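A short worksheet on the structure shown next.
The values are calculated or read from the model by the stated rules, or taken from the named source; none is laboratory data. Everything numeric in this text was worked out from a predicted model, so none of it was measured. Cβ atoms come from the backbone with ideal geometry, glycine included; neighbour counts cover every protein chain shown. Calculation scope for accessible area: heavy atoms of the full protein, side chains included, ligands and nucleic acids excluded. Shrake-Rupley method; radii C 1.70, N 1.55, O 1.52, S 1.80 Å.
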Amino acid sequence: MVSTQELAFLILAGMLFTLLLSTGIIVLVKKNQRIQELSDKLIKETEEKKELEKLEVAISAQEKERVEIGRQLHDDVGALLSFAQKNLVNFEDNSEDGEVDYKSIGMAKEHLAESIKLIRHIAKGLTPQYLTKFGLVKALDNMTKQKSGTFIEKFDFTHNVPEDLTIPELVSTHYYYIAGELITNLFKHSYPTEINMELTYDKQLLKLKICHNGIALTQRDFTRLLSESDSLGLENINYRLNVINGQVFFKRLSDYGTIELITKLDQTQMKDGGSAEN
């Protein structure tokens, strides 16, 4: 028969064992939680590093393009303009002596004509050929497909634009570049995993609405950045908005943000010219 002291000892030992077991379980759970937190942090940092690497590649490509454009302007166009200037100076000098230097004038005209041709060629290279060939709707859809899966998990584009609508080339070009700049800024600063972009036309208003689940700006934030930041991208957006008499509106909601680009297509614009959406 177990004595009272032995029973008390067994109960105390059982309680101590239970306490130690509970403490061990709690420590183990906390360690597992800490390991999971560190694992999640590492995964997030890895994903962010990959996104930064992708952005660096895109920015590097843009910088190379700018360097090439600068080289063409300096080496090719600049050289031709220098020759044209030299011929005009020769013409001026000979004119002071009473001579008419038709050769210098002819050469200057040739150099100027070649310069204009080169500048047009460079400008044509700056305009997205897909946009020129297929129009704004298909160009935005193509932009979405290029970036989806590469820079973001989900990037959808929808539209409700009449097939026979003619959007002026000026509006199409600026809309395309504004959209591209807005999307680039989202990737760089907002870190969304999902973006939905929609182009609609109703009552002469062309609207591009971008919804995303990243860090969102308010209209006040955008206005402040526009006035305080020296960002060339923001300046370009503001410039293009002024050209097409457009407006952009930023909203921050509970779990997502929206950016809406709006411009009015008047009948005069649409008759003057544009690229038809097919």
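For the range 43-71, the set of residues classified as surrounded by 14 or more Cβ atoms within 10 Å (Cβ to Cβ) and modelled with pLDDT of 70 or more consists of Ile69 only. Do the conditions hold for Val89, that is, is it surrounded by fewer than 16 Cβ atoms within 10 Å (Cβ to Cβ) and not in a helix (DSSP H, G or I)? For Val89, the condition - surrounded by fewer than 16 Cβ atoms within 10 Å (Cβ to Cβ) and not in a helix (DSSP H, G or I) - is not met. Pairing each residue of the range 35-47 that is under 26 Å from Lys188 (Cβ atoms) and in contact (Cβ under 8 Å) with a residue 12 or more places away in the chain with any residue that is hydrophobic (A, V, I, L, M, F, W, C) and open to solvent by 100 Å² or more (accessible area, probe 1.4 Å), provided the two are 6+ apart or on different chains, yields no C-beta distance under 8 Å. The C-beta contact set for the range 242-258 (first residue touching a residue at least 60 places away in the same chain (Cβ under 8 Å) and farther than 18 Å from Arg220 by Cα, second residue among the hydroxyl-bearing types (Ser, Thr, Tyr) and open to solvent by less than 70 Å² (accessible area, probe 1.4 Å), distance under 7 angstrom, 6+ apart or interchain) comprises Ile244/Thr263. Within the range 113-133, being over 24 Å from Phe187 (Cα atoms), open to solvent by 70 Å² or more (accessible area, probe 1.4 Å) and either at pLDDT 85 or above or aliphatic (A, V, I, L, M) (or both) holds for Ile116, Ile119.
Quick check on this structure: which one of Leu182, Leu186, Leu241, Leu217 is open to solvent by 20 Å² or more (accessible area, probe 1.4 Å) and either modelled with pLDDT under 90 or not in a strand (DSSP E or B) (or both)?
Details: Leu182 fails: open to solvent by 20 Å² or more (accessible area, probe 1.4 Å); Leu186 fails: open to solvent by 20 Å² or more (accessible area, probe 1.4 Å); Leu241 fails: open to solvent by 20 Å² or more (accessible area, probe 1.4 Å).
The unique qualifying residue is Leu217.
Checking each residue in the range 92-107 for being surrounded by 12 or more Cβ atoms within 10 Å (Cβ to Cβ) and of a type in the set (Ser, Thr, Tyr) picks out Ser95, Ser104.
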